[in-house]
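For reference, the structure is listed below as structure tokens.
We did not get these values from a lab; they are worked out from the coordinates using the rules stated. Every value quoted in this text rests on a predicted model; they were computed, and no experiment measured them. Glycine also receives a Cβ, built like all others from the backbone with ideal geometry; neighbour counts cover every protein chain displayed.
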Amino acid sequence: MDRIRVTGGNELNGVIPISGAKNAALPLMIASLLTDDTLTLENVPHLADVEQLIRILGNHGVDYSVTGRRQQQDVGYSRTVHFTARNIVDTTAPYELVSKMRASFWVIGPLLARTGEAKVSLPGGCAIGTRPVDLFISGLKALGAEIEIENGYVHASAPNRLRGARFIFPKVSVGATHVMLMAACLADGETVIENAAMEPEVVNLSSCLNAMGARIKGAGTPTITISGVTSLSGARHRVIPDRIETGTYAMAVAMTGGDVLLDGAKAKLLAAALEAIARTGVEISEESGGVRVRRNGGVISPVDVATAPFPGFPTDLQAQFMALMTRANGTSHITETIFENRFMHVQELARLGARISLSGQTAIVEGVSELEGAPVMATDLRASVSLVIAALAAKGETIINRVYHLDRGFERLEDKLARCGADITRISD
């Protein structure tokens, strides 16, 4: 099992290319099930989760081909992938595939809309809270689906086509909004989704679906209206740059000092996070090619944040910001409002010398003057990269174990950081 070794103390200087967003690519790939034409997606990152979803889609009969980056090309620039679901050969998504990645549950929407049936295993994925599927099921039932849960599988059917309806989400859910969008595109009549997720990834999916012939209005607002059509065509669409990767590398520069251009980043996709990072004493500026982050000397100021749905501070950047705050000149408070079990990185940061205490859903972080390298264990995707950020500033060597979590969401992280001066290598046993 691979590990990552980091020797801290080096500033970061140079250019880090920002890859396509994993959280945007996955629903876009699943949208290929809605048409028998080819859906071409540009800027698809090379990640373990993407490869796993390709296998799941293949199980349903989706063919794919890849063009773009080869090994000899520069790091961080993603691929163009063509998906063709000419024939749906299987409407079952089995446990052995779905259990490895939660987002694969989302195939239930397009399978149901296109074929009138779907049998999808209840999902697995990161252990950062229960994240139940009741919102997905309630939304599909509102569209007229008949649903039963038996032996760990969700059986959904709509033999006479889904029907448009008004549905109000009791709480904001990005995944359930994705599924409702895809299902409602081929429903009979108009669907209105209220309290919809407003994340950029939802807007990206909506834009792609409209390019395929869907009729969607209001994406990016709490109310989305979808006028159903009888079929969708192929399209060519670009995956947005990864705002979580952008924020992660911005925090890495804030932690180490230096001057880095995040090439291809779009500041508007993570304004709340960049504002919080800037308050720590970092200079952040938009440039034509991306976002520049500088910290040349000076202390890191403590900043309080609370996670919230977009346009608030992203839960997927909470662990990274906590790592940054371990070196702040004072005490900060980080409150997690999205998931109830997303502080598993606290004990690993403590192994590096961090002083963190928990009070309910709030972490109180007392900044220290120095972190010290140690062996640590990654517990989930975002927690694992928080350990990298801490290690970049720690004295001595840190070994990060179970880095397969990193490979799920960060494309060639160690290569990108090493090119900017970090002493970081992957150890393959």
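Could you sort the peptides 212-220, 102-110, 256-264 by per-residue average Cβ neighbour count (10 Å cutoff), highest mean leading?
Numbers: 212-220: 18.7, 102-110: 26.2, 256-264: 21.2.
Highest-to-lowest ranking by the protection proxy: 102-110, 256-264, 212-220.
Which value in nm describes the separation of the simple spin-label points at MET344 and ASP423, placed 7 Å from the Cα toward the beta carbon?
3.1 nm
Using Cα pairs under 8 angstrom and six or more residues apart, how large is the relative contact order of region 22-238, in percent? Before the final figure, lay out the partial values.
Working: 493 pairs, mean separation 44.2, N = 217.
About 20 percent, as a whole number.
Charges at C-beta only: +1 for Lys and Arg, -1 for Asp and Glu. How large is the resulting dipole of region 22-238 about its Cα centre, in Debye rounded to 20?
For region 22-238, the charge dipole is close to 360 debye.
Which of rounded, prolate, oblate describes region 369-421, given a ≥ b ≥ c as roots of the alpha-carbon gyration tensor eigenvalues and a/c under 1.5 marking rounded, otherwise prolate only if a/b is larger than b/c?
oblate
Where a ≥ b ≥ c are the square roots of the eigenvalues of the C-alpha gyration tensor, would you call region 231-307 rounded, which needs a/c under 1.5, or, failing that, prolate if a/b is larger than b/c, or oblate? Don't jump to the answer; show the numbers that get you there.
Values: a/c = 3.32, a/b = 2.03, b/c = 1.64.
Prolate is the answer for region 231-307, as a/c is 1.5 or above and a/b outweighs b/c.
Spin-label point model (7 Å from Cα, Cβ direction): what's the ASP188 to ALA278 distance in nm?
The modelled label-to-label distance comes out at 5.2 nm.
What's the FRET efficiency of ASP2 with ILE168 using the Cβ-Cβ distance as r and R₀ = 45 Å, to the nearest 0.05? Please report the intermediate quantities before stating the final value.
Numbers: r = 45 Å, r/R0 = 1.00.
Once the sixth-power term is evaluated, E becomes 0.50.
So what is the 222 nm mean residue ellipticity for the chain from helices alone, if each DSSP H run of at least 4 adds -39500 (n - 2.57) and you divide by all residues, rounding to the nearest 500 deg cm²/dmol? Could the numbers behind the result be given before it?
Working: 14 runs with 129 residues, N = 429.
For the chain, the value works out to -8500 deg cm²/dmol.
Would you calculate the volume per residue, in Å³, of the smallest convex hull containing every Cα atom of region 22-238?
Numbers: hull volume 23.8 nm³, N = 217.
Normalising the Cα hull of region 22-238 by residue number yields 110 Å³.
Would you please classify the overall shape of the chain from the alpha carbon gyration tensor, given that a ≥ b ≥ c denote the square roots of the eigenvalues, rounded means a/c under 1.5, and beyond that prolate means a/b larger than b/c while oblate covers the rest? Walk me through the numbers on the way to the answer.
Working: a/c = 1.90, a/b = 1.74, b/c = 1.10.
It is prolate, given that a/c is not under 1.5 and a/b is the larger ratio.
Roughly how many Å is it from the Cα centre of region 301-373 to that of region 15-65, as a whole number?
32 Å
In 10 Å bins starting at 0, how do the alpha-carbon pair distances of region 117-266 split up by percent?
Using 10 Å bins, I get a P(r) of 10, 32, 33, 16, 7, 2, 0 for region 117-266.
Strictly over 29 Å apart at the Cα level, which of LYS217/LYS266; LYS22/LYS119; LYS100/LYS217; LYS22/LYS268; LYS119/LYS266 would you flag in this model? Could the numbers behind the result be given before it?
Values: LYS217/LYS266 23 Å; LYS22/LYS119 25 Å; LYS100/LYS217 33 Å; LYS22/LYS268 18 Å; LYS119/LYS266 38 Å.
The answer is LYS100/LYS217; LYS119/LYS266.
First measure r as the distance between the Cβ atoms of SER99 and ASN296, then evaluate 1/(1 + (r/R0)^6) with R0 = 51 Å and state the FRET efficiency to the nearest 0.05.
FRET efficiency, SER99 to ASN296: 0.60.
Compare ASN13, ASN204, ASN296 in a GNM of the chain, Cα atoms joined below 10 Å, and give the one with the largest fluctuation.
Evaluated over the chain, the most mobile residue of the options is ASN296.
Relative contact order (percent) for the chain, with alpha-carbon contacts under 8 angstrom and 6 or more residues of separation? The partial results should precede the final answer.
Working: 1085 pairs, mean separation 90.7, N = 429.
Relative contact order here is 21 percent.
Please figure out what share of the DSSP beta bridges in region 22-238 is antiparallel and state it in percent, rounded to the nearest 5.
Details: 29 of 40 bridges.
The antiparallel proportion sits near 70 percent.
Above 26 angstrom, tally the Cα pairs of region 278-405 and express them as a % of all pairs, no decimals. Don't skip to the answer; put the middle values down first.
Numbers: 1643 of 8128 pairs.
Value for region 278-405 (Cα pairs over 26 Å): 20 percent.
Calculated FRET efficiency, GLU42 and ILE149, Cβ-Cβ r, R0 35 Å, to nearest 0.05? Don't skip to the end; give the middle numbers.
Working: r = 37 Å, r/R0 = 1.07.
My answer for the efficiency is 0.40.
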